[in-house]
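Okay, so here's the structure we're looking at.
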Amino acid sequence: MTPPTPDWLRFPDTDPEEPAEPPEGDASPTPVVDADDWWGRDAQFWLVLLAAVGVAAATLLAVSTPPAAGFETSLPPAFPLAYWVAFYGVLAACVAVYFLSAADGSAYWKHALALVLADYAVYFFLPLVRGYLLYGRGTSDILVHIGDVKNILATGSIWSGSWYPVQHVFISELVLLGFPLRGAEYVVEFAFTAVFVASFGALLRTMTDGRRAIAYGLAAGTPLVYTIFQTTIIPSFLSVMLFPTVLLVLERVRRSDSPTYLLVLTVFAVGIALTHPVTGGLLAVLVVASTVIGVVYSWRTGAAVERIPARLALLVVPVVYAWYINFRQTETSIRQIALAWATGGTTPVEGAAGQAAGAALTPFELVVRFVQLYGVIFVFLGLAGLFGLYVAWELLRHRRGRYAEVFATGQFGVGFAVAVGFFTVYLIEFEPTRVSRYLVVMAVLLVGLLLVRTTEWRPRRRTVAQVVLALSLVSATALGANAAYTSNKQLTQTEYEGVAFSLTHKAPDAPVRTAAVSHKIEWYTYGDVSGSIWPPRVRTGLPDRLGYTNHTYANQTFPRTYVATLEYDRRFYTDPYFTPAQQDDLFIYGEDDLETMRNDPTVARVYDNGAFETWYIAEGRANTTAANGTT
């Protein structure tokens, strides 16, 4: 005999004890807040007003902050505490407005959405306000992407080696429309985040047929769940941030089988496939999984439900194949994966464990660092996992469930399987947030549906649940924004000019060696239209203390080469983000070592702009000419 379902978790469509369903067109429950209560409409008005004042104050404080005078290790400390109080206060107030608006059916969620986006707009442009040439340096992929954009602007055509043409064309179009290249990337970051946030509201409205669900969808979508990947232009994340919109279109296709929505889906499928090949593959997985979930739902509940045709996945496959099959990088990636499988290479889990073990952190510091980096994701995974387990139990044990919840739970399970696959098998991608991006989208969707479900619980449990969930989302919002800007990402004008000069005037057969500048800076500086950056002329890695620990002269350490020393090298490790033990471990060389190099008769300084020096070292002979000066 099946045990009775707890009354606070009953399904209104199957349990006669619950109130009847609301009229068609608004499946939202009866308002749970009296519109006359001071903590209902009045509270929303004052919270919106307070948030508007906060946005104005945050904007004024941000734009009044002077630009950086040189390299700075971290962006957030450069802005006053009052700015951050205003910034986080706006987000917290707007999340509260979402909950109150959903409770009483008001339209204050519209004001909250506008204020959240205004708050984020200032936040995303902070590097530009601070005067950064670019937010991203060293091994950051953004250097390559901006280099490809420069190719398009210089030649007027898509470079044949562009793996991510949609993103690069989009940024190029912004520049042609009048946006400066130096700020176009921030426009893209903010635009995709805005679509990601807003589309969850529309998706929840469509999936639940309830207007009040919009506010819950917006509340779930507000945190920056992809943290550092939302403040840069990484194609794998820009493309996955369109998944809520794709899910919305898929739901419309499932319900109506409309040619219009099918055309829209085709446009999104082609666009995502040409933005990032792996995300294109994940889109095909999403479509096939949607079909399977519909079959399982009908089988377990006996309810007839329209299904998404699995053949829609074919919209992606030929595009991915046709565009990427002839790329040298495609062949290289396949060979790399095959070699790792054949030789038993290190899996991402093993690599992450090795990094944690060698991070010079205590167990407590590791936990703190984990919360800093991934706390927002695990808030969502925890809430979504618990609710998903309940939905799965109801479906498998009692043969009942709502299609929207079962669909989101099934997709969450697929995302979990995808993440586990990427973690345990070498598939090129291995960064935790990157490999779990599908899972995170579905976790946000499932949390939104959980918020909708709580409105049907009995008053006391509903109130407690919504307070807990609201505090969880406020915490997640703070964690996401706090982790979105990391240390040592500023590309300065002096570094860019130093690289350009050194590469332009160096001897053809001598590389430029640096501590933390990668080959990607060549891509950013010159692009790759002519192939002039191959083979790489920048080599990353310098010995501790520039080799003077074990040798008297530089030419005993280095072959014939150029060595670039940067202000960055001598300051990056001092950022408070690093513990004292990490700072000791990260130290490369100091001013005393640089002074030794200045007095080294085998070294000639050929360039110095105050924050970037280039030194020439002749192999096997003393070069005393201009040893202490600049030639």
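In this structure, Thr504 does satisfy being open to solvent by 20 Å² or more (accessible area, probe 1.4 Å), modelled with pLDDT under 95 and assigned to a helix (DSSP H, G or I). Each residue in the range 201-226 was checked for being surrounded by fewer than 24 Cβ atoms within 10 Å (Cβ to Cβ) and either β-branched (Val, Ile, Thr) or not assigned by the TED database to the domain that holds Pro127 (or both), and 2 of them qualify. In the set (1) open to solvent by 20 Å² or more (accessible area, probe 1.4 Å); (2) more than 16 Å from Pro244 (Cβ to Cβ), Glu185 fails one condition alone, (1).
Just one of the listed residues (Ala408, Ala419, Ala478) is touching a Leu at 6+ places or on another chain (Cβ under 6 Å) and at pLDDT 95 or above, and it is Ala408. In the set (1) closer than 30 Å to Ile146 by Cα; (2) open to solvent by less than 10 Å² (accessible area, probe 1.4 Å), Ala112 fails one condition alone, (1). The helices (runs of 4 or more DSSP H) located wholly in the range 227-325 that include 1 or more residues which are polar (S, T, N, Q) occupy 235-240, 243-256, 259-273, 277-301. Picking from residues in the range 231-270 that are among the polar types (S, T, N, Q) and in contact (Cβ under 8 Å) with a residue 40 or more places away in the chain, the one that is farthest from Glu189 (Cα to Cα) is Thr266. In the range 69-86, the residues that are closer than 29 Å to Asp569 by Cβ and polar (S, T, N, Q) reach residues that are open to solvent by 30 Å² or more (accessible area, probe 1.4 Å) and outside any loop (DSSP other than H, G, I, E, B) with C-beta atoms within less than 8 angstrom, at least six apart or across chains, in these pairs: Thr73/Arg571; Thr73/Thr574.
Quick check on the range 410-417. Is at least one of its residues among the aromatic types (Phe, Trp, Tyr) and over 18 Å from Val452 (Cβ atoms)? The answer is yes, given that some residue of the range 410-417 is among the aromatic types (Phe, Trp, Tyr) and over 18 Å from Val452 (Cβ atoms). Restricting Ile142, Ile158 to residues that are open to solvent by less than 10 Å² (accessible area, probe 1.4 Å) and touching a helix residue (DSSP H, G or I) at 6+ places or on another chain (Cβ under 9 Å) narrows the list to Ile142.
The set of residues from the range 543-578 being in contact (Cβ under 8 Å) with a residue 24 or more places away in the chain, in a loop (DSSP other than H, G, I, E, B) and over 27 Å from Glu365 (Cβ atoms) comprises Tyr548, Tyr553, Phe558, Pro559, Arg560. Just one of the listed residues (Gly217, Gly201, Gly210) is in a loop (DSSP other than H, G, I, E, B), in contact (Cβ under 8 Å) with a residue 40 or more places away in the chain and out of contact with any strand residue (DSSP E or B) (no Cβ under 7 Å at 6 or more places or on another chain), and it is Gly210.
Checking each residue in the range 168-182 for being assigned to a helix (DSSP H, G or I), open to solvent by 10 Å² or more (accessible area, probe 1.4 Å) and not β-branched (Val, Ile, Thr) picks out Phe170, Glu173, Leu174, Leu176, Leu181, Arg182. Within the range 572-617, restricting attention to residues that are among the polar types (S, T, N, Q) and open to solvent by less than 10 Å² (accessible area, probe 1.4 Å), the residue that is modelled with the highest pLDDT is Thr614.
Looking at the structure I just gave you, is Ala510 of a type in the set (A, V, I, L, M), at pLDDT below 95 and open to solvent by 20 Å² or more (accessible area, probe 1.4 Å)? Answer is no for this residue. When restricted to residues that are at pLDDT 95 or above and not in a helix (DSSP H, G or I), the range 99-129 contains 1.
The values are calculated or read from the model by the stated rules, or taken from the named source; none is laboratory data. Everything numeric in this text was worked out from a predicted model, so none of it was measured. Counting neighbours? That spans all protein chains shown, and the Cβs are built from the backbone with ideal geometry, glycine included. Surface areas here come from the heavy atoms of the whole protein model, side chains and all, with no ligands, DNA or RNA. Shrake-Rupley method; radii C 1.70, N 1.55, O 1.52, S 1.80 Å.
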